[in-house]
1. If we scan the stretch 21-39, do we find a residue that is within 15 Å of ligand 1 (Cβ to nearest atom), open to solvent by less than 50 Å² (accessible area, probe 1.4 Å), in contact (Cβ under 8 Å) with a residue 40 or more places away in the chain and under 16 Å from the mean Cα position of the chain (by Cα)?
2. From the list 195, 134, which residue is aliphatic (A, V, I, L, M) and closer than 15 Å to residue 6 by Cα?
3. Can you report the number of residues in the stretch 231-268 which are part of a loop (DSSP other than H, G, I, E, B) and either within 17 Å of the chain's Cα centre (by Cα) or under 30 Å from residue 201 (Cα atoms) (or both)?
4. If the requirement is being within 15 Å of ligand 1 (Cβ to nearest atom), polar (S, T, N, Q) and open to solvent by 60 Å² or more (accessible area, probe 1.4 Å), which of these qualifies: 208, 277, 221?
5. Of these, 116, 128, which one is at pLDDT 95 or above, touching a strand residue (DSSP E or B) at 6+ places or on another chain (Cβ under 8 Å) and either open to solvent by 20 Å² or more (accessible area, probe 1.4 Å) or of a type in the set (D, E, K, R) (or both)?
6. Return the residues of the stretch 269-281 that are within 16 Å of ligand 2 (Cβ to nearest atom) and in contact with a His (Cβ under 7 Å, 6 or more places away or on another chain); say none if nothing qualifies.
7. Select, from 214, 177, the only residue that is away from ligand 1 (no atom under 16 Å from the Cβ), open to solvent by less than 10 Å² (accessible area, probe 1.4 Å) and assigned to a helix (DSSP H, G or I).
8. One residue is enough: does the stretch 49-65 have a residue meeting the conditions crowded, with 21+ Cβ neighbours inside 10 Å, among the acidic types (Asp, Glu) and under 23 Å from residue 166 (Cα atoms)?
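The values are calculated or read from the model by the stated rules, or taken from the named source; none is laboratory data. Computed from a predicted model, the values in this text were never measured in an experiment. Neighbour counts run over all protein chains shown; Cβ positions are idealised from the backbone, glycine included. When the accessible area is computed, the model is the full protein with side chains, heavy atoms only, and any ligands, DNA or RNA have been set aside. Shrake-Rupley method; radii C 1.70, N 1.55, O 1.52, S 1.80 Å.
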Amino acid sequence: MARISASVYCSHVPAIGAAMDLKKTAEPYWQPLFKGFEFSRQWIKDNRPDVVFLVYNDHATAFSLDIIPTFAIGTAAQYQPADEGWGPRPVPVVNGHAELASHIAHSVIQEDFDLTIVNKMDVDHGLTVPLSLMCGEQDPQQGAWPFKVIPFAVNVVQYPVPSGRRCYQLGQAIRRAVESFDDDLNVQIWGTGGMSHQLQGARAGLINREWDNAWLDMLINDPAACAAMPHIDYVREAGSEGIELVMWLIARGAMADLAGGPKPRLTHRFYHVPASNTAVGHAILENT
Ligand code: DHB
Ligand code: FE
């Protein structure tokens with residue numbers, strides 16, 4: 001049986017990818033941020049998953065504003081890093097797990113979550129920056145990331161966006177789907193994006209440290225209360241792009257404590273401002 005061993009939470013600022021690609025990580029601006037991921041890079045080497053179910057958002061890259069799926073699951077064998085205007089990032093191709101992705105799609109759709117199936121797409125910074133933060137520099141010539149990835153794209157760019165409650169329920173269905181897959185796979189689920197940031201309008205540059213940290217406490221310790229928070233609270237408190245945080249509730253919903261298991265262990269927690277326009281949050285929760 002496949003099982004979810006851990007969930008990882010992580011922001012996805014594009015400038016972090018650029019800092020790595022342009023070899024600027026030791027500069028004073030970036031050094032404290034990357035220091036917060038040293039532990040995580042060792043941890044993932046020591047606890048290497050077979051597959052990461054990576055919840056992220058596409059930024060009108062693979063999906064233009066012509067078609068906007070609320071929830072889209074990648075069922076392809078491979079995904080190329082997208083060209084977001086400066087050429088594709090020099091990172092490896094992302095290898096998928098088509099069998100597990102198809103199984104999850106089947107299981108979750110039969111539980112009444114209407115996913116879009118995606119057989120071909122490029123993946124933008126929403127997916128590649130968390131991979132880079134967790135895995136460190138990877139030589140694209142050397143082949144691949146150290147595990148397979150199932151991309152799961154959530155619309156948090158164009159209203160209406162899904163509620164935190166819907167994301168939380170979906171996470172629970174994803175756990176059931178993973179646990180009904182016959183192969184013995186170690187699966188991690190990652191919730192990415194956030195924390196507080198606003199890239200546009202009168203409040204551009206907004207950061208709310210106090211709210212971010214209280215929200216992360218709640219996500220860890222009282223996820224049901226976190227899931228009940230309406231979308232407007234995210235926008236008011238964490239800025240227009242702070243709504244990306246609902247994606248973290250998919251990962252939290254997939255943890256074992258919601259199905260009668262023990263509370264997850266908080267293995268690592270980190271918060272850092274500034275990184276471009278965004279407050280970077282990061283946590284690792286392990287099922288025990
Ligand atoms: C920034 C953050 C994002 O989430 C994003 O998608 C693009 C830019 C930023 O902080 O610059
Ligand atoms: Fe974003």
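1. No, the stretch 21-39 has no match at all.
2. On the way: 195 fails: closer than 15 Å to residue 6 by Cα.
From the options 195, 134, the qualifying one is 134.
3. Going through the stretch 231-268, the residues part of a loop (DSSP other than H, G, I, E, B) turn out to be 239, 254-255, 260-264.
Those still in the list that are either within 17 Å of the chain's Cα centre (by Cα) or under 30 Å from residue 201 (Cα atoms) (or both) too: 239, 254-255.
Number of matching residues: 3.
4. Values: 208 fails: open to solvent by 60 Å² or more (accessible area, probe 1.4 Å); 221 fails: within 15 Å of ligand 1 (Cβ to nearest atom).
When all the criteria are applied, what remains is 277.
5. Working: 128 fails: either open to solvent by 20 Å² or more (accessible area, probe 1.4 Å) or of a type in the set (D, E, K, R) (or both).
Matching residue, one of 116, 128: 116.
6. 277, 278, 279, 280
7. Answer to the check: 177.
8. yes
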